[in-house]
1. What does the extension gain come out to for Glu225 and Glu32, with contour length at 0.36 nm per residue minus their alpha carbon separation?
2. What are the trypsin sites (Lys or Arg not before Pro) within the range 480-530 that DSSP puts in a loop, where the Cβ has at most 12 other Cβ atoms within 10 Å?
3. Say each of Glu573 and Leu243 gets a label point 7 Å from the Cα, pointing the same way as Cα to Cβ; how far apart are those two points in nm?
4. Specify the angular offset, from 0 to 90 degrees and rounded to the nearest 10, of the alpha carbon long axis of helix 58-67 from the longest principal axis of the alpha carbons in the chain.
5. Going by alpha carbons, how many degrees (0 to 90, nearest 10) lie between the helix axis of 388-406 and the longest principal axis of the chain?
6. Among the aspartates and glutamates, which have Cα under 17 Å from the Cα of Lys56 when same-chain residues fewer than 8 positions away are ignored?
7. What are the radius of gyration and Dmax of the chain, computed over its Cα atoms and given in Å?
8. Output the pairs from Lys475/Lys574; Lys150/Lys240; Lys10/Lys149; Lys415/Lys574; Lys198/Lys223; Lys180/Lys237 with a Cα-Cα distance over 21 Å in this structure; if there are none, say none.
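Nothing in this text is a laboratory measurement; each read-out follows from the coordinates by a stated rule. All values reported here derive from a predicted model rather than from experimental measurement. FYI the Cβ positions are ideal-geometry reconstructions off the backbone, even for glycines, and counts take in every protein chain you see.
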Amino acid sequence: MKKRNLSIIKWVFLEAVKKTGYEADPDQIHVEKIKEFRFGDFSTNIAMLLANKEGKRLHEMAAEIVKHTKSDLFEKVEVAGPGFINVRLEQKFYTSEASEWLDDFDGYLKDFFNLTEKKRAVIDYSHPNIAKPMGVHHLLSTVIGDSIKKIYQRFGWEIISDNFIGDMGTQFGKLMHAIKRWGNMQEIEKNPIPALQKLYVQFHMEADKEVELDDEGRAEYRKFEEGDKESRKLWNKIVKWSLLDMQQIYDRLGVRFDHMNGESFYEDKMQVVLDEGRKQGVIVDGEGGSWIIKPDDPEDVPVLVRKSDGATLYVTRDLARIKYWQEEWSPDLMLNVVDVAQSFHFRQLIFAQRKLGLTPARNEHIAFGRMQFADGQMSTRKGNILLLMDLLDESEKRALTLVNEKDVELSDNEKRELARIMGIGSVKYNILQQSRTTNITFDWDRMLSFEGNSAPYLMYTVTRAKSVLRKAGLKPRDCRKHSLDLDLDIERKLMIQLMMYPDTIRRASEEFKPNHIANYLYELAQDFNSFYNGNSILQAESKDLKASRLMLTALTILVMEDGFKLLGLEVPEKM
């Protein structure tokens, strides 16, 4: 397998280490770009790893490695500071890499990631509830989960998305009772979800006055569970209406699922998990006839898998889901993109599935924080529920205002299309450029700005680069036979940033953090704009210099468009 990109630097140093008589773990070797690139292009920590392992002085170990380092791709290798090793690469290396990127970027990345065998992951994200409009709280799981899916696909994995929608529970009994008592089916079918939400609210208001109403709702749900034909028929209608409503939002967000197996899908799959657990002696009797899985630590809380009245719980359905995923797809990795409030649930779930032996796959809870608004809660005409559809409408509206203020030379239809791309893209990018492990701030002014770390800034950068190539009458691949001339600092800085892209994808996949991709693209956009603003491209001093700068421009377009896809963003044709 051909060594590519930063893996070449790792390989050269591993060969040098062998000559010194030592050994190093390739996975622990890091190669980073040097911020003060006048000292070199990249730096490695390999000497620090070996000095700690062998008990030698750091500077001596670094000097010994440098002494044995030989490569015609390295212009300069030297020890820096207490023991980092800095490398400056020959321009021919960058030209060779750039040509291969432009010729076959997919093949290049496949070789770089070097997955020796096909791996598969199953991911669950979004999971809205049937009969309720999607609220803004569903946005984080949907956007983060979809980006993680795309990153893993780019990393070379087969990934299956399964949206575990909420379509069971006593709330459906209450809703069905409300429909039968106060609903008008003809009116409901005109605009189902708002009508159902109104009836559900009415049920709870009436229940404050009629205490027996809750019992009637529970009785209605029991009828459904027992297979009552009328209840099942009504429930199927509610599900159909809800899925159509959800799909409108998923279409706007550009999100697609391979499967949407809700809680009801596992209704007939829970008992076998319970029976097997009882047979194994893992599921035992708890208080009052309940069934539990005892914790390893006596001080910890047992996992309740069946209530004393025989009712199952959310964790029971999740266990059935894990068993189904394993039997259906045999994945290497299972991912659950659910907010941090469910951390205890997933800690218990992962413990329980391990005790039951449901899957050998690694099972991860991809937690994320809550959304908070920089200017307080966005007002909504729908009452106290902040609807996702309203938020997307508002973002597109604000984007259109911004487009009109810029007085761009576009038709009305082109302006509306640009506002759609900017509006939806700004919502998604605002989430993805922040670390998922913290609360995520929603800031209208920052996210819809042409300055700073925002989607409009990135979109403007890539459309500007594409405009340059368009004026030159070229497409990115047409530049693959050019040669690079990186005499200027900003040109070398831009190329070094471009080289970091494959490793950024790897890091984002390993940490399940799309913000690594987003912040990488922001740095790349800054470097390209500095390059663009400070140097003539189409009117360069020589033919060779023009070709070099067009090649850098083509590479920037290639990487930014690829990064946009991983974040689920579109690239506008004009801005």
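1. Values: separation 193, 0.36 × 193 = 69.48 nm, distance 5.79 nm.
Fully extending the segment from Glu225 to Glu32 adds 63.7 nm.
2. Details: sites: Arg480, Lys481, Arg492, Lys493, Arg506, Arg507; in loops: Arg480, Lys481.
Loop-located and lightly packed - Lys481.
3. Label at Glu573, label at Leu243, 3.5 nm between them.
4. 60 degrees
5. The angle comes out near 40 degrees.
6. Glu23, Glu64
7. Every Cα atom of the chain included, Rg and Dmax give 28.3, 86 Å.
8. Working: Lys475/Lys574 16 Å; Lys150/Lys240 28 Å; Lys10/Lys149 28 Å; Lys415/Lys574 9 Å; Lys198/Lys223 23 Å; Lys180/Lys237 13 Å.
Lys150/Lys240; Lys10/Lys149; Lys198/Lys223, as the Cα separations exceed 21 Å there.
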